[in-house]
Amino acid sequence: MRQFNPEAISAVPNLFASAIGTKNTESNRLEGSLLLDRSGQRRRPMSATEEGPDGEASPRAEAFLEILGRVQPGDAEAELSSCSIGPTAEVAEQVLRSRVCYSRPKSAVRFFVWAGRSVKHTSYAWNLLVDILGKAGMFEPMWDAIRSMMQEGEGLITVATFASIFSSYCASGNLKEAVEAFDVMERYGVKPDAVALNSLLSAMCRGEGRAQAAQDLFDRTKATVPPDADTFAILLEAWEEEGNVQRTKSTFGEMVVRVGWDSSNKPAYDAFLSTLVRGDQFGEALKFLQVMRTKGCLPGLKFFARAIDLVARKRDYANSLAIWQMMISDAGLIPNLPIFQHVQCHT
């Protein structure tokens, strides 16, 4: 697989020649993949019969998708032109969001080029194309598309574009390339900020055993890209996954110093306390829980469920009652069925 050259921000003679000519078997291996919505978040691919964002049915999208799913990529443009139906920018988005395009990336490129002769593609459509190519592991064509977006101007490249790049590289195990992409964001007109950093950290931490790599990136960038509460929540959840109590404690301490206490940051408190409990430091977890209580910053049901299960197993009724009351009265949480079952099982 050829790797991208971060320095190559030059004109691309043939916009998608590399995509159309890349050896990549069309398959359904991306059937369950997630793609970008307009905000850059990930969502499931839509079916051909799904309604568009304006609430109208999409017969034109269905017609285009039938063609893309039926013919070979090399024949797609001719078939699309012969169907006597013209695209719109909205329909182009609907088609690109489909499972057909995610499972047949070369056909998606052919459709994008064909539709682009009639309509001006939106930023969302461009980002979908980048996502399709990245999820297919077609990284050279993906960067061709990004460089073309840069030539188009008008702020087409956004943090959402890079969030897709990070996700694609990390999903394929190419963490180094994902980090390199983060490092060249400014050359493509996008300033790396906490949202971009969090997107990369989150993508990195979806794989097992990557907490240290995420921590290394954070340590290298925190002087120039100020972290926020979400940054620390991502790192804490990664260390929780690996059960590393020491790194969890140091990360939590740095979070309090840098961003302070935030009552909405429940995932961070959940991950921190759950790691302590998992590491047989329940007493210390209770001490931290009391401190959090004074700060008005309590964890969510995840920690309370684990803590109540542990004290119930030990028949530690005093702490069990205290934690239960804190969950109900202070955190305002409603116990779910598994919590009730844990209590009943051990009383």
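All of the numbers you see were taken from the coordinates with simple rules; none came from a lab. Remember, predicted model here, so these are calculated numbers, not experimental data. Cβ placement follows ideal geometry from the backbone for every residue including glycine, while neighbour counts extend to all protein chains displayed.
With neighbour counts taken as other beta-carbon atoms within 10 Å, the residues M326, M142, M150 rank, fewest first, as M150, M326, M142. Listed by Cβ neighbour count within 10 Å, with the fewest neighbours leading, K135, K249 appear as K249, K135.
The calculated Kirkwood hydrodynamic radius for region 225-307 is 12.3 Å, given to one decimal from all distinct C-alpha pairs.
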